[in-house]
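Asker: First, the structure itself, so that you have it in front of you.
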Amino acid sequence: MEPPALPALDLVPLLDQVLMHFVLVVRIGAFLVAAPFLGARYVPVQVRIVLSFALALPLWGRVPLPPPDQIASLGAVPMIAGELVLGLAAGSVLTILFSAAALAGDRIANTAGLGFAAQFDPSAGGQTPVISQLFTFGLMMVFVTSDGHLAALRIVLDSYASHPPGSPINLSLLAAGIESGARMFALGLMLSLPVMGLLVLVNVAVGVLTRSAPQFNVFSFGFPLTMAATVLMLYVSAPHLGHGFRLLTDEALLALSAVLGTAHGQ
C-alpha cells in the first residue's frame with residue numbers, strides 16, 4: 001500500500017491577500033517617493049519599498065477593498081492610477097512647501113555674495129549654496145524632532161478611512177497643488193526677510209560711502225562688510241529662524257490634510 005501523499009498547499013488565497021495588500025501599498029509608496037527627505041536620491045529604493053509594505057500592515061482588515069478578481073482585471077487600472085495620483089500629490093505638497101527653506105537660503109546667499117560658496121546637494125542633484133543646505137538641514141531637524149514625520153504618515157494612513165481605494169478623486173486637487181506653490185514663495189520670503197532687510201541697509205550704506213569717498217573699493221570694503229553682517233544676522237536670528245521652521249512644518253501638515261480632504265471631495 002502506498003503511503004498517503006502530502007496535501008497540497010492552496011496558494012490562491014495567499015496570492016489574493018498579497019494582491020490586496022499591494023493596493024494598500026500604492027498610495028503609501030507614491031507618498032514616500034514624492035515626500036521630502038525620504039524621497040531624496042540618497043535614500044535607497046529598497047528602504048522605501050520595505051517601509052511602504054510595513055506601513056500598510058496596520059490597514060489590514062480596516063480598509064474596504066474590491067474583491068481580488070476585480071483587482072486582477074483591467075478595470076482596476078483607474079483605481080491604481082488614482083492611488084498613485086493621490087500619493088504623489090500629497091508628497092509633492094510637502095516637498096514644495098519645504099522648498100521654502102532652500103529658497104530663503106538661496107536668496108540670502110545670492111544677496112550677500114555667497115552664491116559661489118556652493119556644494120553638491122545629493123537631494124537636489126546639483127550645486128546649491130551652503131546657506132541653503134543649512135536651512136534645509138535645520139528644517140529637517142525641526143520636522144523630525146517635533147514628530148512631524150509621524151504626523152504626516154498618520155494623515156496619509158487616516159486618509160484610507162475617508163477615501164478608500166477605488167473612490168473618485170476630486171479634480172480640484174490640482175488647485176491645491178498650485179496654492180502650495182504660491183505659499184512656498186510667501187514662506188521663503190518670511191524666512192529670509194530679516195536677513196534680507198539688513199543686507200539692503202548694508203548695501204545702501206556701502207553705496208553711500210563709496211559714492212562720498214571713492215577711495216573705498218566696493219570689493220575690498222563692501223564685500224567683507226556684507227559677509228560679516230550676514231553671518232552676524234544669521235547668528236542673532238537663529239532662535240527666531242527655528243520658530244519659523246516650526247511654523248513652516250505646521251503649515252505643511254495642514255496643507256497635507258487640506259489636499260487629502262480636497263481629494264475626498266470634502
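The values are calculated or read from the model by the stated rules, or taken from the named source; none is laboratory data. All figures in this text were calculated on a predicted structure; none of them were measured in a lab. Glycine also receives a Cβ, built like all others from the backbone with ideal geometry; neighbour counts cover every protein chain displayed.
Asker: With the structure loaded, tell me whether ALA102 is in contact with a Leu (Cβ under 7 Å, 6 or more places away or on another chain), part of a helix (DSSP H, G or I), modelled with pLDDT of 85 or more and under 30 Å from PRO129 (Cβ atoms) or whether it fails that test.
Answerer: Here the answer is no, as ALA102 does not meet what is asked.
Asker: Could you say whether any residue in segment 36-52 is more than 18 Å from PRO164 (Cβ to Cβ) and crowded, with 20+ Cβ neighbours inside 10 Å?
Answerer: yes
Asker: Among the residues in segment 105-126, are any within 15 Å of VAL25 (Cβ to Cβ), of a type outside the set (Gly, Ala, Ser) and at pLDDT below 80?
Answerer: No - not one qualifying residue is present in segment 105-126.
Asker: Select from segment 230-266 the residues that are of a type outside the set (A, V, I, L, M, F, W, C), part of a helix (DSSP H, G or I) and modelled with pLDDT under 80 and list them in ascending order.
Answerer: GLY261, THR262
Asker: Checking LEU209 against (1) at pLDDT 85 or above; (2) over 23 Å from LEU241 (Cβ atoms); (3) surrounded by fewer than 17 Cβ atoms within 10 Å (Cβ to Cβ), which single condition isn't satisfied?
Answerer: Here LEU209 clears every test but (1).
Asker: Taking into account only those residues within segment 216-229 that are in a helix (DSSP H, G or I) and farther than 14 Å from ALA205 by Cβ, which is modelled with the highest pLDDT?
Answerer: Selected residue: MET227.
Asker: Go through LEU88, LEU65, LEU55 for me and flag whichever is surrounded by 12 or more Cβ atoms within 10 Å (Cβ to Cβ) and not in a helix (DSSP H, G or I).
Answerer: Sole residue among the options that is surrounded by 12 or more Cβ atoms within 10 Å (Cβ to Cβ) and not in a helix (DSSP H, G or I): LEU65.
Asker: Only residues that are charged (D, E, K, R) and over 21 Å from ARG107 (Cα atoms): list them for segment 227-258, please.
Answerer: Within segment 227-258, ASP250, GLU251 meet the criteria.
Asker: Check segment 162-178 and report whether any residue there is of a type outside the set (S, T, N, Q), surrounded by 19 or more Cβ atoms within 10 Å (Cβ to Cβ), over 17 Å from the mean Cα position of the chain (by Cα) and not in a helix (DSSP H, G or I).
Answerer: Checked against the condition, which is being of a type outside the set (S, T, N, Q), surrounded by 19 or more Cβ atoms within 10 Å (Cβ to Cβ), over 17 Å from the mean Cα position of the chain (by Cα) and not in a helix (DSSP H, G or I), segment 162-178 yields at least one hit.
Asker: Only one of these conditions is not met by SER73: (1) surrounded by 13 or more Cβ atoms within 10 Å (Cβ to Cβ); (2) of a type in the set (S, T, N, Q); (3) modelled with pLDDT under 80. Which number is it?
Answerer: (1)
Asker: Also: Check whether at least one residue in segment 3-21 is on the phi > 0 side of the Ramachandran plot and modelled with pLDDT under 80, and report yes or no.
Answerer: No, the conditions are met nowhere in segment 3-21.
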